[in-house]
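Participant: This structure is in structure tokens; I'll ask about it shortly.
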Amino acid sequence: MIIVASFLSPAFLHTTNIVNVIRRCRSIGLNRAGVTGVIVSGGIDLSSGSVVGAACVVAASLAQLPDRAFYPALAAAPCWWRFWRGAGVGALAGLVNGLLVGQDRIPPFIATLGMYTAARGAAMLYTTGRPLSHLSDSYNVIGQGPFSASRSPS
């Protein structure tokens, strides 16, 4: 694809375009990097997208502005605290998948298909089907580029 795209557009191989492509694909790339180890070891993980979604729902629910928050008392929590709560959801799902496959000898396809459904259902139940919006500025800055003194999350 890179060879074909470079012939179709002379601007494709410019540094600006390559950096742009990497920035646009970084979240997918991070997800796939985690799944690569599973695939290399002969397994499969169907649940990665749903688990990322559930983790993001938890983190975003904690990052809402106080007047619209699921948990108004937690709205003053620092940004890193919100991030690690979401990461904890992902780690817990990974632990469950690992135990089901490694200890209980359930085939990876079946175990992760179950987690796929469970994570999607848990995210839907958690939000009661409502979209999450009105996130704090300190949370919205995550992933928007390099941090500076004026943009760093609190």
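The values are calculated or read from the model by the stated rules, or taken from the named source; none is laboratory data. All figures in this text were calculated on a predicted structure; none of them were measured in a lab. Backbone-built Cβ (ideal geometry, glycine too); neighbour counts: all protein chains shown. For accessibility, only protein heavy atoms count, side chains too; no ligands or nucleic acids. Shrake-Rupley method; radii C 1.70, N 1.55, O 1.52, S 1.80 Å.
Participant: Return the sequence-ordered ³J(HN,Hα) values of region 110-126 in whole Hz as given by the Karplus equation 6.51 cos²θ - 1.76 cosθ + 1.60 applied to θ = phi - 60°, using x for Gly and Pro.
Facilitator: Ordered by residue, 3J(HN,Hα) equals 6, 4, 6, 5, x, 5, 4, 5, 5, 5, 5, x, 5, 5, 5, 5, 4 Hz.
Participant: While we're looking at this one, here's another question. Return the calculated 222 nm mean residue ellipticity for the chain, to the nearest 500 deg cm²/dmol, obtained by summing -39500 (n - 2.57) across DSSP H runs with n ≥ 4 and dividing by the residue count.
Facilitator: Helix contribution divided over all residues of the chain: -19500 deg cm²/dmol.
Participant: So between residue 44 and residue 87, what do we pick up on full extension, going 0.36 nm a residue minus the alpha carbon distance?
Facilitator: Value of the extension gain: 13.4 nm.
Participant: Next question. Tell me the accessible surface of residue 79 in square angstrom (1.4 angstrom probe, heavy atoms of protein chains only), to the nearest ten.
Facilitator: My reading of the accessible area for residue 79 is about 10 Å².
Participant: How far apart, in nanometres, would the label points at residue 14 and residue 144 be if each is projected 7 angstrom from Cα along the Cα-to-Cβ direction?
Facilitator: 2.6 nm
Participant: Here's a follow-up. So how exposed is residue 15, as accessible area in Å² (1.4 Å probe, rounded to 10)?
Facilitator: Estimated to the nearest 10 Å², residue 15 gives 110 Å².
Participant: Compactness ratio of the chain: Cα Rg over 2.2 N^0.38 Å, N = residue count?
Facilitator: This ratio for the chain stands at 1.26.
Participant: In a Gaussian network model over the chain where Cα atoms closer than 10 Å are linked, find which of 13, 92, 65 has the largest mean-square fluctuation.
Facilitator: Per the Cα network of the chain with a 10 Å cutoff, 13 tops the list.
Participant: Something else about it: At 1.4 Å probe size, put 126, 71 in order of accessible surface, largest to smallest.
Facilitator: The most accessible residue leads, giving 71, 126.
Participant: Also: Report the full-extension gain for the segment residue 31 to residue 133: residue separation times 0.36 nm, less the Cα-Cα distance, to one decimal in nm. Working shown, then result.
Facilitator: On the way: separation 102, 0.36 × 102 = 36.72 nm, distance 2.32 nm.
Full extension from residue 31 to residue 133 adds 34.4 nm.
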